[in-house]
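Everything below concerns the one structure shown next.
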Amino acid sequence: MSDACNQTPFWQRQPRLPLEIHRFLQDRLEAALHDPEARQALVWPVILGAPGLRKLHPAGVPEGELLLHAARMLGALGHHDPLAAWEAHRRTWPDTAEGGPEGWRPAATWGAWGPLVSLRCGWQLAALTPLPLGERYPLACGVSLFNHGLYHECHDALEPLWTAAEGDLKDQLQGLILLAGGYHHLQLQNASGLAALWEEALGRLEACGGRVVTPWGEVRAEAALDLTARRLDHGKRMMDDADEDALFGPLWALDRPTWELA
């Protein structure tokens, strides 16, 4: 796991997103999960919502500068024509930006959420860019998103695999999804939601010792199970305590869980 991954900004309480922002983020992520070529859809929101660029260019980022910033990220994805990529993006995702005489601005629907959209798309892109393509890609996406603290996105990555699976594998993949869902509830500080999901996740995963063997590799989540069990035990003991700091403080203080794909 990279040093950047270890410093994820999402290992803390997160705001509840407005529906239109949630849909904006989810539409692009789902496209990137379905087709690795679509990962480039995440590049443009990263740039357009970046606070430094918005401060430098309040009336809009000049197209030349937009393309210059995009070139490195697109290059890491194997695309080397930023202008063609930007024109294709605008045709596919017209809700990303609005043009003006001085440059490109985030679409008005972003409202004040531009910095968070930029940050979240940036971390999604960081999680997905270095992954192996081919049949391992969907599972690798789920593991990497979990390790970057993007738990809602991890759920989105694993759900199609769970839908197509059968038997023990289906049950174990659901356990991983529930585990991630519990950590998403931790980000929202929803005590009852995280407790219910973690309890069911542990029940599904303890039988395999936290090692989920799939046709695309083995997810090793033993340490994550141990950390989650400790959090769940604390949560059950403190559930009736009205003090949020006493309930949630120790849940954040324990190590952040990660998975390994072998």
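Nothing in this text is a laboratory measurement; each read-out follows from the coordinates by a stated rule. These numbers were taken from a predicted model, which means no experiment stands behind them. Cβ coordinates were reconstructed from backbone atoms using ideal geometry, including for glycine residues, and neighbour counts include every protein chain displayed.
Rank PRO94, PRO58, LEU176 by how far each Cα sits towards the positive end of the charge dipole of the chain (+1 on Lys, Arg Cβ; -1 on Asp, Glu Cβ) and give me just the farthest. It is PRO58. Computed from backbone phi, the HN-Hα couplings of region 245-255 come to 5, 5, 6, 8, x, x, 5, 7, 6, 5, 4 Hz, rounded to whole numbers (Karplus: 6.51 cos²θ - 1.76 cosθ + 1.60, θ = phi - 60°; Gly and Pro given as x). Overall form of region 134-261: prolate. Here a/c, set by the Cα gyration tensor axes a ≥ b ≥ c, is 1.5 or more, and a/b is the larger of a/b and b/c.
Note on ARG230 and ALA253: the model spin-label points, each 7 Å out from Cα along the C-beta direction, lie 1.1 nm apart. With both labels modelled 7 Å from their Cα along Cα-to-Cβ, the THR214 to GLU20 distance reads 3.5 nm.
Working ranking of peptides 101-111, 172-182 by packing, defined as the average number of other Cβ atoms within 10 Å per residue, highest first, is 172-182, 101-111.
Across the chain, C-alpha contacts under 8 Å between residues 6 or more apart give a mean separation that, scaled by the residue count, equals a relative contact order of 17 percent. The H on the amide N of TRP259, modeled in the peptide plane, is under 5 Å from the matching H of ASN147, each at least 5 residues off or on a different chain.
Here's the picture: charge each Lys and Arg Cβ at +1 and each Asp and Glu Cβ at -1 in the chain, and of VAL43, LEU186, ALA164 the one pushed furthest to the positive end of that dipole is VAL43. Projecting label points 7 angstrom from Cα along Cα→Cβ for LEU56 and LEU188 puts them 3.7 nm apart. Using only side-chain charges placed at the Cβ, +1 for Lys and Arg and -1 for Asp and Glu, the dipole size of region 16-128 relative to its Cα centre rounds to 380 debye.
What the Cβ-Cβ distance of LYS170 and GLU65 gives, at R0 = 35 Å and to the nearest 0.05, is a FRET efficiency of 0.15. With Cα atoms defining each centre, region 58-77 and region 188-211 are spaced 41 Å apart in the structure. Legend: calculated FRET efficiency, TRP11 to ALA108, from the Cβ-Cβ distance at R0 = 30 Å, rounded to 0.05, equals 0.45. The magnitude of the dipole of the chain, with charges of +1 and -1 set on the Cβ of Lys/Arg and Asp/Glu and taken from the Cα centre, is near 500 debye. The H on the amide N of ALA107, modeled in the peptide plane, is under 5 Å from the matching H of ALA97, GLU98, each at least 5 residues off or on a different chain.
As a rough footprinting exposure proxy, the listed residues LEU197, LEU67 were ranked by other beta carbons within 10 Å of their own, and the order from fewest upward is LEU67, LEU197.
When the charge dipole of region 67-178 is built from unit charges on Cβ atoms (+1 for Lys and Arg, -1 for Asp and Glu) and taken about the Cα centre, the candidate among ALA140, LEU128, CYS154 whose Cα reaches farthest toward its positive end is LEU128. Could you tell me whether region 1-128 comes out rounded, prolate or oblate from its Cα gyration tensor? Rule is a ≥ b ≥ c as square roots of the eigenvalues, rounded for a/c under 1.5, then prolate if a/b exceeds b/c, otherwise oblate. Rounded, since a/c falls under 1.5.
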